[in-house]
1. Restricting region 184-201 to residues that are surrounded by 15 or more Cβ atoms within 10 Å (Cβ to Cβ) and of a type in the set (A, V, I, L, M), which is nearest to Arg92 (Cα to Cα)?
2. For region 172-195, state whether one or more residues are over 29 Å from Phe19 (Cα atoms), at pLDDT 95 or above and not aliphatic (A, V, I, L, M).
3. Any residue at all in region 136-153 that's in a helix (DSSP H, G or I) and surrounded by 14 or more Cβ atoms within 10 Å (Cβ to Cβ)?
4. Of these, Ala69, Ala52, which one is crowded, with 18+ Cβ neighbours inside 10 Å and free of Cβ contacts under 8 Å to residues at least 24 places away in the same chain?
5. I'd like the full set of residues that are among the hydrophobic types (A, V, I, L, M, F, W, C) and over 23 Å from the mean Cα position of the chain (by Cα), limited to region 184-218.
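The values are calculated or read from the model by the stated rules, or taken from the named source; none is laboratory data. All values reported here derive from a predicted model rather than from experimental measurement. Note: ideal-geometry Cβ built from the backbone for every residue, glycine included; neighbour counts use all protein chains shown.
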Amino acid sequence: MAAIRQAIATNVARLAERFANEHKEAASMDEVLLTAWLHDVDDYKLVGKKQADELNNATSIMTKAGVAADLQDAVRYNIARIGYSRYLHGVRPERLAGQLVSDADMCDAIGACGIERALIYAVNHGSCRIFDPTVWPDVNIDARRYNANGGTHDGDSFINYFFEKLLKLAKIMMTDPGRDEALIRQQTMVTFLRAYFREKNVPEWSDFLEEYLTSMDE
């Protein structure tokens, strides 16, 4: 899984750099790229909540690389505010560099590559359940129920994950470049789900998807 995490970091860094170049306001590219490359090295799912809060790995990497103290502070400030779990707790990036990386991180979780990423996770780390038409998504999951292993609820499945998290991300982008990219990726996921439910012959799920999408537009 180390190779997968490296690939994710690479994708996020590339997207964040692109968003920074497209954004109407200038952000420090050093801050953007350091935040992007290091945003996940202290992931609580890997190192536990205490070390995740302390950002020991990010600090160690930056110190060994000779990163200036003020830039280190900015990067740590950003990292501490990135992630869906933190969003559920009402914590969001305030600096532009952090917002750009947050959008890049969430965009990487959706679209065609996001579908691939979610499927890999479901097979390797989740319940290995792809789709159970008798288990409906918990669409109103909150911070308390968003469990520590990065899933959503005990009956989590690959398909339910779209409704419980992935389809919500486009609405919480913080920058114009992020919003533009997220809308494209959102449509990719919707197209996939429509085709999936049609081929599975589960019209009740097709109806659920359309009702869900309508509710998001209200």
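1. The qualifying residue nearest to Arg92 (Cα to Cα) is Met189.
2. yes
3. There is no residue in region 136-153 that is in a helix (DSSP H, G or I) and surrounded by 14 or more Cβ atoms within 10 Å (Cβ to Cβ).
4. From the options Ala69, Ala52, the qualifying one is Ala52.
5. Ala195, Phe197, Val202, Trp205, Phe208
Every residue, every condition in (1) within 22 Å of Asp180 (Cβ to Cβ); (2) part of a helix (DSSP H, G or I), yes or no:
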position	(1), (2)
Val75	no, yes
Asn78	yes, yes
Ile82	yes, no
Ser85	no, yes
Ala104	yes, yes
Ile115	yes, yes
Leu119	no, yes
